[in-house]
Amino acid sequence: MKKSALMSVEEALECLLQLAEREPIGEFERVALDDADGRVLAESLISPLDLPPWPNSAMDGYALRLADWTGGPLTVSQTIFAGQAPEPLQSGTCARIFTGAPVPEGADCVELQENTELLEDGRVRFAQALRPRQHIREQGQETRRGDAVLAAGSRLGPAQLGLAASLGATELTVRRRPRVALLSTGDELVEPGRPLGPGQIYNSNRTLLHSWLKRLGCNVLDAGILPDDPQLTRARLGELGGADLILSTGGVSVGEADCLGQILREEGELALWKLAIKPGKPLTVGRYRGIPVVGLPGNPASSLVTFALLARPYLLRRLGVQAVMPLTFPVPAGFVWSKPGKRREYLRARLGEGRAVLYPNQSPGVLLSAAWADGLVEIPENTTLAEGDLVCFIPLSEVLG
Ligand SMILES: Nc1nc2c(c(=O)[nH]1)N[C@H]1C(S)=C(S)[C@@H](COP(=O)(O)OP(=O)(O)OC[C@H]3O[C@@H](n4cnc5c(N)ncnc54)[C@H](O)[C@@H]3O)O[C@H]1N2
Ligand code: MOO
């Protein structure tokens, strides 16, 4: 049989991102900050105030006007706690001040208490030279009213939500959750909780992708395991009308028991891409009754790698996220790679003593490799490596949310 050229990972990603951009999930909704973790901001967040709203002290100590200080001790004319509105500073005096308290009008310097001496008569001696504006957090130093602090398309996590709270927001406008119909195919599959019959295995892809999709803010329509029966498969697909994406695993390679593929083709179009990626060569991309379809390879490690590198960026881009690719970094290989491959390899690896160490069994059927790993080591096509050569490392923590 003729072997056609493989599609590069870049080309596949580019095609998927173009498809995603043509079909954004455009509807917005308002959600409370406490419910917004993992969601995508639909409109830029504009600061309604200066932050900090007024100059405040970065230290516990004393606020003074430098021009009043000639080296001698100063009387303390007021005490300012965080949350209080101070009086203007009396000239020739200093103010006791605490971290976060507003700097009184007229003061232009704060000294930390460790550098001062409190005399018996209550006056304060400053032991060191002072600089103008030292230890003062200036009004608007973080952001100014009207500044765009988070761009539309930002993914919201603890830091972004904390920032929104610091600006007084109670709700944010986010893209609505994508509805993803999740299908598993394969007559050998059984859901956990049932006994295994001859030739059967437990369905791991459904659980893996269900939890992953939820982390990505999706509503999962769980269509379960599709039977290898055209009538039942048609009926099950008929229930997926409201989905934004049909995500399936298995049944896409060259085997004959590909009921799902045949039925999807009846009312849609389906392309089988052969990717220069290992694991994860066969990827199905198309539409069924207008609904986008992505079919991942059935081998569990192949599902994981193709979801991480292709389906995840596709879904995020449909939500308007621009930065869809994981951050990566180079690490020395803690292994030798002597056989150059035609497909780019994504090996499950751990970091140990500053090197990437491979899980010993890299078979695409072995999900334990991913459960064990910290990340994926990328080995380019047609490459050999000696121990210590730098390889690109993709932390799983970058892609699993
Ligand atoms: N003659 C060829 N055979 C295969 C080729 C090829 O090019 N020519 N490609 C191989 C590659 S690469 C992969 S990857 C698989 C992809 O196959 P499918 O996506 O069609 O998946 P299945 O055949 O249904 O299953 C493959 C494997 O994974 C297990 N599996 C499937 N679904 C699940 C699930 N939900 N949970 C756990 N395990 C699952 C299944 O039992 C099989 O062992 O094809 C190669 N063959
Ligand atoms: O590349 Mo397949 O995806 O071997 O598992």
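The values are calculated or read from the model by the stated rules, or taken from the named source; none is laboratory data. Everything numeric in this text was worked out from a predicted model, so none of it was measured. Here the Cβ positions follow ideal geometry from the backbone for every residue, glycine too, while neighbour counts run over all protein chains shown. Each accessible area value is taken on the protein alone, full model and side chains, heavy atoms only, with ligands, DNA and RNA left out. Shrake-Rupley method; radii C 1.70, N 1.55, O 1.52, S 1.80 Å.
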For this session: Can you give me the number of residues within the range 283-298 that are within 13 Å of ligand 2 (Cβ to nearest atom) and in contact with an Asp or Glu (Cβ under 8 Å, 6 or more places away or on another chain)?
Result: 0
For this session: Return yes or no: is Ala181 under 22 Å from Leu232 (Cβ atoms), among the small types (Gly, Ala, Ser) and not assigned by TED's automatic domain parsing to the domain that holds Ala63?
Result: yes
Problem set entry | the range 302-321 residues that are charged (D, E, K, R), paired with ones that are open to solvent by 10 Å² or more (accessible area, probe 1.4 Å) (beta carbon under 6 Å, 6 or more apart) | Arg317/Leu17; Arg318/Pro24
For this session: Check Ser184 against each of (1) crowded, with 16+ Cβ neighbours inside 10 Å; (2) more than 14 Å from ligand 1 (Cβ to nearest atom) and name the one condition it does not meet.
Result: (2)
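Here is a yes/no grid of residues against (1) more than 22 Å from Arg155 (Cα to Cα); (2) away from ligand 2 (no atom under 14 Å from the Cβ):
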{"position": "Pro300", "(1), (2)": "yes, no"}
{"position": "Ala308", "(1), (2)": "no, no"}
{"position": "Leu316", "(1), (2)": "no, yes"}
{"position": "Val321", "(1), (2)": "no, yes"}
{"position": "Thr328", "(1), (2)": "no, yes"}
{"position": "Val331", "(1), (2)": "yes, yes"}
For this session: Output the residue which, of all residues in the range 187-224 that are under 30 Å from Val40 (Cα atoms) and β-branched (Val, Ile, Thr), is least open to solvent (accessible area, probe 1.4 Å).
Result: Val220
Seminar exercise, completed: Exactly one of Ser338, Ser369, Ser397 is within 16 Å of ligand 1 (Cβ to nearest atom) and either modelled with pLDDT of 95 or more or closer than 23 Å to Thr284 by Cβ (or both), and that residue is Ser369
Exercise. Any idea how many residues of the range 364-386 are touching a helix residue (DSSP H, G or I) at 6+ places or on another chain (Cβ under 9 Å), assigned to a loop (DSSP other than H, G, I, E, B) and over 21 Å from Leu6 (Cα atoms)?
Worked result: 5
Problem set entry | Those residues of the range 318-343 which are under 24 Å from Leu16 (Cα atoms) and open to solvent by less than 30 Å² (accessible area, probe 1.4 Å), in sequence order | Arg318, Leu319, Gly320, Val321, Val324, Pro326
Problem set entry | Single residue of the range 87-111 satisfying the filter (part of a strand (DSSP E or B) and not polar (S, T, N, Q)) that is most open to solvent (accessible area, probe 1.4 Å) | Arg96
Problem set entry | Criterion (assigned by TED's automatic domain parsing to the domain that holds Glu114, open to solvent by less than 70 Å² (accessible area, probe 1.4 Å) and either modelled with pLDDT of 95 or more or among the charged types (D, E, K, R) (or both)) met by exactly one of Ala67, Ala82 | Ala82
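How about the range 175-282: which strands (runs of 3 or more DSSP E) wholly inside it have at least 1 residues that are within 16 Å of ligand 2 (Cβ to nearest atom)?
179-185, 245-249, 268-274
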For this session: Give just the number: which of (1) buried (at least 20 other Cβ atoms within 10 Å of the Cβ); (2) in the same structural domain as Asp35 (by TED's automatic domain parsing); (3) of a type in the set (Ser, Thr, Tyr) does Thr170 not satisfy?
Result: (1)
Exercise. If we keep just the residues of the range 367-386 that are over 20 Å from Leu275 (Cβ atoms) and more than 25 Å from the chain's Cα centre (by Cα), which is farthest from ligand 2 (Cβ to nearest atom)?
Worked result: Ala386
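Every residue, every condition in (1) over 23 Å from the mean Cα position of the chain (by Cα); (2) aromatic (Phe, Trp, Tyr); (3) outside any helix (DSSP H, G or I), yes or no:
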site: Leu304; (1), (2), (3): no, no, no
site: Ala308; (1), (2), (3): no, no, no
site: Ala311; (1), (2), (3): no, no, no
site: Gly320; (1), (2), (3): no, no, yes
site: Met325; (1), (2), (3): no, no, yes
site: Pro330; (1), (2), (3): no, no, yes
site: Phe335; (1), (2), (3): yes, yes, yes
site: Gly341; (1), (2), (3): yes, no, yes
For this session: Any residue in the range 201-215 that's within 6 Å of ligand 1 (Cβ to nearest atom): show its pairings with residues that are among the charged types (D, E, K, R) and open to solvent by 60 Å² or more (accessible area, probe 1.4 Å) at Cβ separation under 7 Å, as long as the two are six or more apart or on different chains.
Result: Ile201/Glu188
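Determine if the range 264-275 includes at least one residue that is more than 24 Å from Gly241 (Cα to Cα), in contact with a helix residue (DSSP H, G or I) (Cβ under 9 Å, 6 or more places away or on another chain) and open to solvent by less than 40 Å² (accessible area, probe 1.4 Å). Break it down into steps so the answer makes sense when it comes.
The initial filter retains those residues of the range 264-275 that are more than 24 Å from Gly241 (Cα to Cα), namely 273-275.
From what is left, the residues that are in contact with a helix residue (DSSP H, G or I) (Cβ under 9 Å, 6 or more places away or on another chain) are 273, 275.
Then keep just the ones that are open to solvent by less than 40 Å² (accessible area, probe 1.4 Å); that gives 273, 275.
Yes.
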Problem set entry | Residues that are open to solvent by less than 40 Å² (accessible area, probe 1.4 Å) and closer than 22 Å to Leu51 by Cα, drawn from the range 112-135 | Gln134
